[in-house]
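Since the structure comes first, as structure tokens, the remarks are kept for the end.
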Amino acid sequence: MEAVHVGILSIIPPVIAIALALITKEVVFSLLLGIMSGTIIYSIAAGMGFVGIFSVTADLMISKVSDNASMVIFLAMLGALVAVITRAGGSRAYGNWASRKLKTRRSAAAATGLLGILIFVDDYFNCLTVGTVMKPVTDRHHLSREKLAFIIDATAAPVCIIAPISSWAASVISYYPGEGTMGGMQAFISSIPMNLYAVLMIFMVFWMALRKNGDFGPMARAQRLAEERGDAHFEDSNTIDNELTKLKVAEKGKVWDLVVPVVFLVIFAVLSMLYYGGYWDGEGKSLFDAFGDTDAGYALSLGGFGALFVAFFLFVPRKLMTFREFFATVTAGVKSMVPALIILALAWTISGVCRDLLSTGPYVAGVVERSNLPVAFIPAIMFVIAAFLSFATGTSWGTFGILIPITVAVCEIVAPHLSVITLSSVLAGSVFGDHCSPISDTTILSSTGAGCDHIAHVETQIPYALTVAAVCFVGYIIAGFTAVLGFGVSVAITTPVSLAMLIAALLVLPKIMPGKPKTA
């Protein structure tokens, strides 16, 4: 299927999907309507008949699911692993142990954030692993599932985008043009200090985790309800837990029944990433090159199979469950992932509608190129463009591919002193959209990993993300004007001022947005 150029009509599908998801709370229905609107526009523009609408939709969906088949397998394996660990009593035993070590809700939230930072290699891996490990602990301290999902999401993409050894770093470098004054790796590392969204969001995670009564807006309401109910989530939420609550939990489970499978999951996944990246091919590849060349989906799938294999020999011989019960539990775990997999398949499809059919990215990029931007405002405006594009399409990597080459080319010509700052702003804006868009895969996986209703996660997280984004916008204006003093001086001015603005906002917002209960 050859892409068509339909101008402003190209943004209709994501607008429909996002608006309807937030209004109706029905994310599957909203994504389907967004996809259908896009394929209708494409079919009309391409001169196809009525039947073409359905054939294009089916072909695109099959293509996108096929492209991500290894990730589907990994998610199914992870659902199975979570289920067998739960049935073996590992989650309950770990929760009991961690509750004795982490005695307060704030310490549990901070520990979750710290674990999220430590797992920086891949955002998918981060979202689901952190949720699996920390959910029993945060539940015991009545930390709302919405708050847990926020912490997971905010330490996934924002951490990966400032980690030189990660799948995200490899993606950025692959999109960086070969020509210019610096190479891709040097540009990526140079961009880290000025990646305001990532730096400020990580700061916000620990501020919110450690500060008493620091929440505001819908998150404050969700946390208050969790404390009043003595439960972390609504019983009717459409979450992974609904299937797993039916499992009979073994009484003899130990802490290592959770720790050992998760540790082997990490080990197998990392070793598989190195293997698929050609680290042991005898070509002298560095660790970074291997991570950059790997197929994360295949590696994570292999890691999931390996961890499930270890779990079998850890649980069945000790009679925590029988052979038959183990595989019945595996089936239940895979079933628990079906709602998330449906949403992911639709999110991948609507991303394909925007990128492969309607050329949404090139349209937005063309608007940027045709505008006469004041030089000092280029970083701030590129931040907004990247944020809008990634939020609308649900993909930061797609936004990287569209905007990084444009950014480098424009800055090399009109403002070389802004090259690194503008690259940072594009990366920051792209992460914003990936972090909070309801059609972003990492947003979906964060709500899945936390066992939180997806739209509830989106609604509670957006005010936090917008707060940081607003500070970033002002910060990049400051950076644009101070860049003439040198990059180091600009960082020294911009980062502290931005941090001070964020702290001021976080002190004021809980007072003006206390998160009042919804009226009937």
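Tabulated values for the structure
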{"read-out": "Qualifying positions in the range 127-159 - over 22 Å from Leu300 (Cβ atoms) and not basic (Lys, Arg)", "value": "Pro136, Val137, Thr138, Asp139, His141, His142, Leu143, Ser144, Glu146, Phe150"}
{"read-out": "Scope the range 184-216; condition buried (at least 21 other Cβ atoms within 10 Å of the Cβ) and in a loop (DSSP other than H, G, I, E, B); matching residues", "value": "Asn195, Asp215, Phe216"}
{"read-out": "Positions within the range 87-130 being more than 18 Å from the chain's Cα centre (by Cα), part of a helix (DSSP H, G or I) and modelled with pLDDT under 85, in sequence order", "value": "Gly90, Ser91, Arg92, Ala93, Tyr94, Gly95, Asn96, Trp97, Ala98, Ser99, Arg100, Lys101"}
{"read-out": "Residue identified as surrounded by fewer than 23 Cβ atoms within 10 Å (Cβ to Cβ), part of a helix (DSSP H, G or I) and in contact with a Ser or Thr (Cβ under 9 Å, 6 or more places away or on another chain) among Val353, Val410, Val426", "value": "Val410"}
{"read-out": "Some residue of the range 461-484 being crowded, with 24+ Cβ neighbours inside 10 Å, in contact (Cβ under 8 Å) with a residue 60 or more places away in the chain, in contact with an Asp or Glu (Cβ under 7 Å, 6 or more places away or on another chain) and within 18 Å of Ala222 (Cβ to Cβ)", "value": "yes"}
{"read-out": "Candidate set: the range 365-407, residues that are surrounded by 22 or more Cβ atoms within 10 Å (Cβ to Cβ) and not in a helix (DSSP H, G or I); chosen: the one modelled with the highest pLDDT", "value": "Gly394"}
{"read-out": "Residues being surrounded by 15 or more Cβ atoms within 10 Å (Cβ to Cβ) and not in a helix (DSSP H, G or I) - total across the range 14-45", "value": "1"}
{"read-out": "Filter result (among the polar types (S, T, N, Q) and modelled with pLDDT under 85) within the range 63-81", "value": "Asn68, Ser70"}
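Results for (1) among the β-branched types (Val, Ile, Thr); (2) touching a Leu at 6+ places or on another chain (Cβ under 6 Å), shown as yes or no for each residue.
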| residue | (1), (2) |
| --- | --- |
| Leu102 | no, no |
| Arg105 | no, yes |
| Leu115 | no, no |
| Asp123 | no, no |
| Thr138 | yes, yes |
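The values are calculated or read from the model by the stated rules, or taken from the named source; none is laboratory data. If you're wondering where the values come from, they're calculated on a predicted model, not measured in any experiment. As a convention, Cβ positions derive from the backbone with ideal geometry for all residues, glycine included, and neighbour counts pool all protein chains shown.
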